Amino acid sequence: RGVHLLWGAVGLALSRADPGRMGLSLTRCLPIVCRGGASDDEEKKQPKYQSTRLYRLSKRIPKIELHIHLDGSLSPEFIFKRCREMKIKAPPCAPERLRQWVQDAKKKPEKFLYGKSKKERKAYGALGVFSWANEFLQTAPALRDATADLCRRLIKDNVLYAEIRFCPALHTKGHLTEREALEAVVDGFSVTRERLPGGIIVCGLRTLPPSHSMAMAKLADDTPGAVGFDMAGVEEGHPLRAHRRTIEFVVRRSSIGCTVHAGEWAKNTVENVELAVQLGVDRIGHALQMSKQKDLMRKVKEKGICVEVNPVSNVHFLKNGDLTDHPMKEFIRNGICCSLGCDNTLISGSKVVGPSLPTEQVYYALSNMGITLQELRACTIETAMSHLFDRSVDGEWLARRVAKKFDSAMAADRRQYEGDLHTSYGTAISYGSNSGASASAASCGAGTGGAGRPAGKIASHGSFGSLRTA
């Protein structure tokens with residue numbers, strides 16, 4: 001396709017010409033991808049799977065997004081706009097090819113951390129690409145715009161409720177305080193809140209000292225619009241036990257929900273899931289390694305903990321990058337409620353499976369991972385009923401809305417096509433019986449909240465939706 005990589009000398013010369021500009025310093029560190037040979041029509045061509053019946057249905061299906069990072073989900077339009085505003089060199093590609101550029105560049109995360117402070121290098125670790133993304137998010141207007149932009153994109157993908165997470169401590173280089181950064185993101189979320197209820201989850205980074213995570217937890221608990229706390233960052237080599245007191249504070253003494261990244265990385269991370277369950281968190285993000293522990297899955301089910309699964313994002317942790325190996329099906333059939341999430345719409349995913357977008361999660365769950373439509377429907381309804389962190393949302397109202405839109409999506413598919421829809425795993429969609437939905441609802445443990453709490457502890461019947469109809 002006429003793609004050439006120009007290394008070293010050109011980037012070094014540019015950075016010396018203007019070393020103070022972030023874009024040029026990145027040029028020194030990263031390959032320059034020059035576009036050539038491909039026509040505009042070819043580049044804008046949709047992947048083949050996006051023209052299938054299953055993808056169209058996946059687009060219509062209502063979604064609840066509980067696990068999405070702001071800094072990893074910036075749109076190409078936002079990034080190129082910020083480059084113009086900041087008067088820095090934009091990534092060396094067309095906006096529509098930014099995702100491909102990121103996929104190539106993130107293979108060497110240390111390149112993004114060149115010239116960064118010791119604290120920044122420690123904070124980001126193997127996730128250096130987020131350092132690049134956060135350079136665009138160092139002012140209050142940028143944080144507001146990025147959050148509102150992400151919310152609008154989620155709405156277009158038929159997301160009915162969202163919780164967006166980020167770490168305020170990573171947004172103070174432009175002289176914002178951590179509180180000001182959080183308030184800016186809350187303001188950005190409020191722009192579309194009438195159409196997209198939810199809130200903001202504040203992340204603590206496990207690569208930083210426990211004093212940092214405690215400060216982030218207390219900031220979240222003290223800020224209106226912040227609905228939860230998450231322990232995030234590089235998991236391997238940074239056990240959850242180092243931040244035990246923070247998790248205990250959120251679970252036992254705060255008014256917000258608690259989720260943690262645990263069991264995502266391959267080496268020695270099962271203990272993080274075990275501790276999360278022991279401490280009584282409401283939700284667990286990823287939990288891939290839990291699939292090897294039957295007793296642990298049983299405890300998660302008994303405590304009513306929801307697992308935030310992110311299949312497309314997890315592709316790099318799966319054997320041979322094969323989504324058929326994702327354990328979501330095993331979780332569901334062991335009675336665990338699973339909520340599909342994107343993780344990062346820009347940074348996650350791969351060239352093979354494509355971007356990590358809400359519709360893609362549904363598409364691959366149904367096409368590659370052996371999840372039935374009835375199971376997905378039941379888990380989404382259960383998530384709405386019992387696992388939301390925004391207490392102002394009426395969970396029953398949202399669950400009715402989810403069910404109605406699910407049924408409308410299936411009816412539209414049935415009108416457009418004849419017969420059942422089959423995948424390599426069998427019948428993904430059957431219009432012969434609705435009994436599977438109730439059976440799957442029972443298997444997802446309807447009626448409980450995280451850590452054995454009643455449903456109302458997390459998703460109380462508050463003001464949002466209480467005067468609305470499904």
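Among the residues of region 232-291, the one identified as open to solvent by less than 40 Å² (accessible area, probe 1.4 Å) and of a type in the set (K, R) is R283.
Among the residues of this structure, L57 counts as one that is open to solvent by less than 30 Å² (accessible area, probe 1.4 Å) and under 23 Å from V352 (Cα atoms).
Please specify each residue of region 189-225 satisfying the condition of being part of a loop (DSSP other than H, G, I, E, B) and under 16 Å from F389 (Cβ atoms).
Residues of region 189-225 that are part of a loop (DSSP other than H, G, I, E, B), as a first pass: 191-197, 206-209, 222-225.
Matches in region 189-225: R193, L196, P197, D222, T223, P224, G225.
Can K303 be described as over 18 Å from the mean Cα position of the chain (by Cα) and at pLDDT 95 or above? So K303 fits the description; yes.
Conditions (1) modelled with pLDDT under 95; (2) over 18 Å from R60 (Cβ atoms); (3) among the polar types (S, T, N, Q); (4) open to solvent by 10 Å² or more (accessible area, probe 1.4 Å), marked per residue:
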{"residue": "R377", "(1), (2), (3), (4)": "no, no, no, yes"}
{"residue": "I381", "(1), (2), (3), (4)": "no, no, no, yes"}
{"residue": "S386", "(1), (2), (3), (4)": "no, yes, yes, no"}
{"residue": "K405", "(1), (2), (3), (4)": "no, no, no, yes"}
{"residue": "Q416", "(1), (2), (3), (4)": "yes, no, yes, yes"}
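Is there a residue being open to solvent by 30 Å² or more (accessible area, probe 1.4 Å), at pLDDT 85 or above, in contact with a strand residue (DSSP E or B) (Cβ under 9 Å, 6 or more places away or on another chain) and farther than 30 Å from S386 by Cα anywhere in region 92-99? Scanning region 92-99 turns up at least one residue that is open to solvent by 30 Å² or more (accessible area, probe 1.4 Å), at pLDDT 85 or above, in contact with a strand residue (DSSP E or B) (Cβ under 9 Å, 6 or more places away or on another chain) and farther than 30 Å from S386 by Cα. For region 335-359, the set of residues classified as modelled with pLDDT of 95 or more and either surrounded by fewer than 18 Cβ atoms within 10 Å (Cβ to Cβ) or assigned to a helix (DSSP H, G or I) (or both) consists of G335, P358, T359, listed by residue number. Scanning region 366-392 for residues that are part of a loop (DSSP other than H, G, I, E, B), in contact with a Leu (Cβ under 8 Å, 6 or more places away or on another chain), among the aliphatic types (A, V, I, L, M) and within 18 Å of P327 (Cα to Cα) yields a single hit, M369. Whether a residue is farther than 22 Å from N134 by Cα, touching a residue at least 40 places away in the same chain (Cβ under 8 Å) and buried (at least 21 other Cβ atoms within 10 Å of the Cβ) was assessed, and T192 does not pass this test. Only residues that are more than 17 Å from D149 (Cα to Cα) and surrounded by fewer than 19 Cβ atoms within 10 Å (Cβ to Cβ): list them for region 60-83, please. The one that is more than 17 Å from D149 (Cα to Cα) and surrounded by fewer than 19 Cβ atoms within 10 Å (Cβ to Cβ): R60. Do we find that E308 is surrounded by 24 or more Cβ atoms within 10 Å (Cβ to Cβ), touching a residue at least 60 places away in the same chain (Cβ under 8 Å) and out of contact with any strand residue (DSSP E or B) (no Cβ under 6 Å at 6 or more places or on another chain) in this structure? For E308, the condition - surrounded by 24 or more Cβ atoms within 10 Å (Cβ to Cβ), touching a residue at least 60 places away in the same chain (Cβ under 8 Å) and out of contact with any strand residue (DSSP E or B) (no Cβ under 6 Å at 6 or more places or on another chain) - is not met. For region 135-156, filtered to residues that are within 14 Å of the chain's Cα centre (by Cα) and surrounded by fewer than 24 Cβ atoms within 10 Å (Cβ to Cβ), the residue that is farthest from D230 (Cα to Cα) is R153. When G174, G188 are checked against the criterion of being at pLDDT 95 or above and not charged (D, E, K, R), a single residue qualifies: G188. Of all residues in region 393-403, exactly one satisfies the criterion of being open to solvent by 10 Å² or more (accessible area, probe 1.4 Å) and not in a helix (DSSP H, G or I), namely D394.
Can you name every residue in region 144-171 that is assigned to a helix (DSSP H, G or I), among the charged types (D, E, K, R) and touching a residue at least 60 places away in the same chain (Cβ under 8 Å)? Spell out how you get there, then give the answer.
If we filter region 144-171 for residues that are assigned to a helix (DSSP H, G or I), which is where we start, we get 144-156, 168-170.
Going one step further and asking which of them are among the charged types (D, E, K, R), we end up with 144-145, 149, 152-153, 156.
Within region 144-171, D145, D149, R153 qualify.
The values are calculated or read from the model by the stated rules, or taken from the named source; none is laboratory data. Bear in mind the structure is a predicted one, so any value in this text is a computation, not a measurement. When we count neighbours, we look across all protein chains shown, and the Cβ atoms used for this are built from the backbone with ideal geometry, even at glycine. Just the protein is used for accessible areas: all its heavy atoms, side chains included, with ligands, DNA and RNA removed. Shrake-Rupley method; radii C 1.70, N 1.55, O 1.52, S 1.80 Å.
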